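For reference, the structure discussed in these notes is given below.
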Amino acid sequence: MKDSIRQVTHVENIRYDKAAEALYIIDQTLLPGEEREIRLATLPEMVEAIRKLRIRGAPAIGICAAYCMYVLARSIETRDMAEFLSGLHEYGERLGASRPTAVNLGWAIGEMLQTARACPAAARDALLESLYRRAVEIHEDDIAKCTAISEYGLSLLKAGDGVLTHCNAGPLATSRYGTGQGPLLLAAERGIAIRVFADETRPLLQGARLTSYELQRAGVDVTLICDNMASMVMKNGWVQACFVGCDRVAANGDVANKIGTSGVAILAKHYGIPFYVLGPTSTIDMRCPDGDHIPIELREGGEIRELWYEKPMALPDVKCYNPAFDVTDHSLIAGIVTEKGICRPPYAKSLAALFDNEK
Ligand code: MRU
């Protein structure tokens with residue numbers, strides 16, 4: 001069991017090869033059929049990889065963006081500091097525009113820009129080294145945070161419980177263990193039997209392609225269901241908790257996550273099942289007052305009409321509405337699990353307390 005976990009949690013979804021000065025990611029659009037690395041060397045390649053979800057999941061997008069900023073910084077030839085900073089800022093703007101909802105993208109880019117600004121003038125090599133070190137630090141921090149989140153999440157479960165999860169919030173979406181899936185992998189590692197129901201997560205099928213793949217490979221008892229079956233498995237009494245990740249948590253505890261999450265939360269409320277959101281504090285956006293202020297990404301209708309099907313399964317010109325995320329109201333959430341502990345309602349107070357010592 002331990003070996004299979006190690007195999008999964010050590011899949012390096014993002015890898016920086018310092019000797020070759022090259023950034024690689026696993027192309028998640030090819031999973032579970034093929035595990036292939038691709039190199040991201042230019043801004044268009046980076047933006048395309050994030051937009052097309054070759055790299056996805058809020059924390060993983062942030063980690064990848066940090067390395068991207070380092071790669072882009074290396075490509076800026078000038079030794080004039082003001083020119084360098086303005087070039088890096090411009091790259092950051094264009095990279096940050098690739099996806100709007102996950103706060104980690106803008107957060108990681110901001111961290112890298114701040115690192116650059118804090119460096120002494122006219123020391124390009126030292127500055128590049130600082131940027132590299134900050135990217136590695138963001139990556140390593142995420143591993144530590146996911147491990148802590150997994151421990152807190154596991155404290156909410158007991159052997160024999162059933163957990164329903166939506167989308168993918170495992171190692172592929174983060175660094176190691178994951179957030180929403182982290183406690184489930186940790187449970188398997190410790191021999192605690194937890195039964196998992198993974199929603200397939202239409203239209204991009206992160207649950208089917210990624211979550212069931214990661215959990216099954218780790219030896220977790222996972223059952224794949226269509227999104228519209230969640231109510232049935234809850235009604236059957238098979239689910240004792242729901243665990244999901246998050247892309248942005250507003251200051252009042254409203255949570256943006258993969259489209260369909262709010263429906264799961266509403267069902268959970270109906271059946272009296274606690275609904276938990278798991279994510280690092282870097283996903284909490286205290287400048288965002290509530291869910292109405294979270295930008296929601298709209299994606300192409302083609303993902304609904306024809307992606308993953310041998311032939312299009314709807315008329316080519318049928319109108320489609322394809323929001324990538326929805327907002328779960330804070331009143332439906334039993335707890336928000338972070339690396340600093342489990343926040344409970346009222347979230348305006350418990351989330352703010354997480355940042356008290358940073359003021
Ligand atoms: O569009 P995606 O696949 O990037 O959406 C991912 C999610 O919604 C995840 O649940 C979220 O980013 C948390 S990942 C730990």
Checklist outcome for this item: Here FRET efficiency (C-beta to C-beta, LYS158 to ALA41, R₀ 45 Å, nearest 0.05) is 0.40
Item to check | Ranking by accessible area, most exposed first, for VAL337, VAL318 with a 1.4 Å probe | outcome: VAL318, VAL337
Checklist outcome for this item: Extend 7 Å from the Cα of ALA352 along its Cα-to-C-beta direction; within segment 239-281, residues with backbone N under 16 Å of that point are 250-254
Next on the checklist: Whole-Hz ³J(HN,Hα) for each residue in segment 158-168, computed from phi via Karplus 6.51 cos²θ - 1.76 cosθ + 1.60 with θ = phi - 60°, x for glycine and proline: what do you get?
Outcome noted: 10, 3, x, 5, x, 10, 9, 10, 10, 6, 10
Checklist outcome for this item: Connecting every pair of Cα atoms under 10 Å apart in the chain and solving the GNM, the largest mean-square fluctuation among GLY219, GLY279, GLY237 falls on GLY237
Next on the checklist: I need the fraction of alpha carbon pairs in segment 156-358 separated by more than 20 Å, rounded to a whole percent.
Outcome noted: 56 percent
Checklist entry - Semi-axes, largest first, in whole Å: what does sqrt of 5 times each Cα gyration tensor eigenvalue give for segment 14-145? => result 24, 15, 14
Next on the checklist: Rounded to the nearest 10 Å², what accessible area does SER98 have for a 1.4 Å probe in the complete protein model?
Outcome noted: 10 Å²
Checklist outcome for this item: Note: MET286 to ARG217 extended length (0.36 nm per residue) minus current alpha-carbon separation gives 21.2 nm
Checklist outcome for this item: Relative contact order in percent for the chain (Cα pairs under 8 Å, 6+ apart) equals 16 percent
Checklist entry - For the chain, modelled as a Gaussian network with Cα springs under 10 Å, which listed residue fluctuates most, ILE225, ILE14, ILE304? => result ILE304
Next on the checklist: What FRET efficiency comes out for ARG344 versus GLU77 if R0 is 45 angstrom and r is the Cβ-Cβ distance? Round to the nearest 0.05.
Outcome noted: 0.30
Item to check | Carbon + sulfur, % of accessible area of the chain - ligands and nucleic acids excluded, 1.4 Å | outcome: 52 percent
Next on the checklist: Net charge within 9 Å of LEU172 by Cβ-Cβ distance, Lys/Arg positive one each and Asp/Glu negative one each, not counting LEU172 itself?
Outcome noted: 0
Checklist outcome for this item: the chain, Gaussian network, Cα under 10 Å: of ASP199, ASP290, ASP80, the residue fluctuating most is ASP80
Item to check | Rounded accessible area of HIS89 (nearest 10 Å², 1.4 Å probe) | outcome: 80 Å²
Checklist entry - Taking +1 at the Cβ of each Lys and Arg and -1 at the Cβ of each Asp and Glu, which of ALA66, SER350, TYR132 sits farthest along the dipole of the chain towards its positive end, judged by Cα position relative to the Cα centre? => result SER350
Next on the checklist: Between LYS311 and ALA126, what is the label-point separation in nm under the 7 Å Cα-to-beta-carbon projection?
Outcome noted: 6.7 nm
Item to check | Electrostatic dipole magnitude of segment 156-358 [Cβ: Lys, Arg +1; Asp, Glu -1; Cα centre; debye, to 20] | outcome: 500 debye
Checklist entry - By accessible area of protein heavy atoms, probe 1.4 Å, what ranking do LYS52, LYS340, LYS258, LYS311 get, highest first? => result LYS311, LYS52, LYS340, LYS258
Checklist entry - Using θ = phi - 60° and the Karplus curve 6.51 cos²θ - 1.76 cosθ + 1.60, what whole-Hz ³J(HN,Hα) does each residue of segment 83-99 get, with Gly and Pro shown as x? => result 5, 4, 5, 5, x, 5, 4, 4, 4, x, 4, 6, 5, x, 7, 5, 9
Next on the checklist: Looking only at the chain, where both bridge partners belong to it, what percent of the DSSP beta bridges are antiparallel (to the nearest 5)?
Outcome noted: 45 percent
Checklist outcome for this item: Residue-normalised value, i.e. accessible area per residue, for segment 26-80 at 1.4 Å probe, in Å², stands at 39 Å²
Item to check | Cα-only radius of gyration and Dmax that characterise the chain, units Å | outcome: 20.1, 66
Checklist entry - Given a 1.4 Å probe, how much area per residue of segment 156-358 is accessible, in Å²? => result 41 Å²
Checklist entry - How much accessible surface area, in Å² rounded to 10, belongs to the heavy atoms of GLU37 with a 1.4 Å probe? => result 70 Å²
Item to check | Residue-count net charge about ILE273 - beta-carbon cut-off 13 Å; Lys, Arg +1, Asp, Glu -1 | outcome: +1
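The values are calculated or read from the model by the stated rules, or taken from the named source; none is laboratory data. Predicted, not measured: the structure shown is a model, and the values here were computed from it. Glycine also receives a Cβ, built like all others from the backbone with ideal geometry; neighbour counts cover every protein chain displayed. Note: accessible area is taken over every heavy atom of the protein model, side chains too, but ligands, DNA and RNA are not part of it. Shrake-Rupley method; radii C 1.70, N 1.55, O 1.52, S 1.80 Å.
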